[in-house]
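The values are calculated or read from the model by the stated rules, or taken from the named source; none is laboratory data. None of the values given here were measured: they were computed from a predicted structure. FYI the Cβ positions are ideal-geometry reconstructions off the backbone, even for glycines, and counts take in every protein chain you see. With ligands, DNA and RNA removed, areas are computed over all heavy atoms of the protein, side chains included. Shrake-Rupley method; radii C 1.70, N 1.55, O 1.52, S 1.80 Å.
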Amino acid sequence: MPTMALDAAALEKLVSAAVAAPSIHNSQPWRFRLRPETSTLEVHAVRERALPSADPEGRALHISVGAAVRNLCTAASYLGRDPEVRLLPDPGEPDLLAVIELDRPSPVAASARTAELFAAIWRRHSARTPFTGPPVPPAVLDELAEAARAQDVQLHFPAGEERDRLLHLTAEAERRSTTDPERSAESRSWIQGPGAPPYGIPATALGPQDSAGRMPMRDYSAIHPAEHLPAAAFETEPCIAVLATAYDRPVDWLRAGTALEDVLLLATVHRIRASLLDQAMEWPYLRWEARDPRQGPGFVQLLIRLGYGAEGAATPRLSVADVLDTGPDRPRPAGAS
Ligand SMILES: Cc1cc2nc3c(=O)[nH]c(=O)nc-3n(C[C@H](O)[C@H](O)[C@H](O)COP(=O)(O)O)c2cc1C
């Protein structure tokens, strides 16, 4: 079978696609290691950029890394490769979250949809301002749910009382997090000041709170009124998607991340914006309450708010050279010193 070497240009493209993924508080908790003999990339968790208060088990960290793995695979498909992913390949090394073999050419040319998803990797940004457009068409919601199902992950769209119940749980979680000194200090520490390293969230990417108090957007500046944008009116009939898995193991969290990124990229292709609501997932009782038994015995991983509105602001990323270990005498990504 023919194999494809991984040259420096391909490596640069693949890893920059991976790092464009969303991550909790833009913590970018990933590191890549090249195994050139097999054109394989290992993806490792970076625990120094974890969130011990809000995410002690590393659930959100795994979701973030899952999203990065998915971007890498989308880029590989676009570049004519047939990536093979093994999640958590070594039980003795739990921080080795994925191994991606990239040496096989794809038997078919990249589809037009793959090209659109690849382009969306860099256009997708969290959008934390109010949505203003018409409702998201049901046919698009079906497509998003199908994209999640392809990764073995459920995506459903509660309406009416069930949606409001989830927003109430999120508001309660938000209240607990902003009044918990440890949690609020952790959250604030991820807001970037001038001259900060290229992770965390810049003030330009934050949004207002809902003047009607209905949409519980995360308060990153954690009740310091002077730092708040003026409150604004959010959509009165929000479109909320629930991302859920059948089990709740690290491998399920990684799969939730791969599904999340497929859903977000597809939404971007349809010009739909998204922001994420993780607050209720960060309090075990509230997370448990978020389950809807009518959807089966699953575990909620994330709420996604979808709609039409202004594009979110870009957030910084560590450079490819910062996150890629090529070892001595291995191809350096373009631009690395
Ligand atoms: C697991 C996970 C949880 C997140 N939770 C929230 C959240 O509760 N509120 C929020 O506004 N953004 C949330 N985000 C979005 C990140 O803050 C965002 O991805 C990061 O700042 C990078 O910005 P970008 O999405 O515009 O690239 C979450 C992202 C992930 C992957």
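Of the whole protein surface, His156 contributes about 30 Å² of accessible area at a 1.4 Å probe radius.
By the gyration tensor of its Cα atoms, with a ≥ b ≥ c the square roots of the eigenvalues, what is the shape of region 233-303: rounded for a/c under 1.5, prolate for a/b over b/c, or oblate?
Verdict is oblate for region 233-303.
In the chain, the longest principal axis of the Cα atoms and the axis of helix 160-179 are about 80 degrees apart. What is the distance in Å between the Cα centres of region 240-306 and region 41-108? Cα centres, region 240-306 to region 41-108: 18 Å. Taking 0.36 nm per residue of separation and subtracting the current Cα-Cα distance, fully stretching the chain between Arg176 and Glu116 would add 17.6 nm.
Extension gain for Arg271-Ala203 works out to 22.1 nm (0.36 nm per residue, less the C-alpha to C-alpha distance). Computed from backbone phi with θ = phi - 60° and the Karplus coefficients 6.51, -1.76 and 1.60, the 3J(HN,Hα) list for region 119-132 is 5, 5, 3, 8, 8, 6, 9, 4, 10, 9, 9, x, 8, 10 Hz; x is used for glycine and proline.
Using θ = phi - 60° in the Karplus curve 6.51 cos²θ - 1.76 cosθ + 1.60, the 3J(HN,Hα) couplings for region 286-292 round to 5, 5, 5, 5, 5, 5, 10 Hz; x is entered for Gly and Pro. Does anyone have the angle between helix 59-78 and the longest principal axis of the chain? Alpha-carbon axes, 0 to 90°, nearest 10? Its long axis makes an angle of about 50 degrees. Less than 5 angstrom separates the built amide H of Trp283 from none of the residues sequence-distant by 5 or more or on a different chain. Run lengths n ≥ 4 of DSSP H only: what is the helix-derived mean residue ellipticity at 222 nm for the chain, with -39500 (n - 2.57) per run over all residues, to the nearest 500? Using -39500 (n - 2.57) per qualifying helix, the result is -11000 deg cm²/dmol. Solvent-accessible area of the chain (1.4 angstrom probe, protein heavy atoms only): carbon and sulfur portion equals 55 percent. Applying 1/(1 + (r/R0)^6) with r as the Cβ-Cβ distance of Ala185 and Glu311 and R0 = 30 angstrom yields a FRET efficiency of 0.45.
Kindly work out what percent of the DSSP beta bridges joining two residues of the chain are antiparallel, to the nearest 5.
85
A Stokes-Einstein calculation at 20 °C with viscosity 1.002 mPa s, built on the Kirkwood radius of region 159-300 over Cα pairs, returns a diffusion coefficient of 128 µm²/s.
Placing one equal scatterer on every Cα of the chain and applying the Debye formula, the log10 ratio I(q)/I(0) at q = 0.06, 0.07, 0.09, 0.15 Å⁻¹ is -0.20, -0.27, -0.46, -1.31. From the square roots a ≥ b ≥ c of the eigenvalues of the alpha-carbon gyration tensor of region 8-124, which class results: rounded (a/c under 1.5), prolate (a/b over b/c), or oblate? In terms of gyration-tensor shape, oblate. Would you mind pulling out the separation of the Cα centroids of region 131-170 and region 1-33, in Å? If you average the Cα positions of each part, the centres end up 29 Å apart.
Extension gain, Val108 to Ala5, is 35.3 nm, computed as 0.36 nm per intervening residue step minus the present C-alpha separation.
Relative to the dominant Cα principal axis of the chain, helix 250-269 is inclined by about 80°. Per residue, the accessible area of the chain comes to 44 Å², computed with a 1.4 Å probe over protein heavy atoms only.
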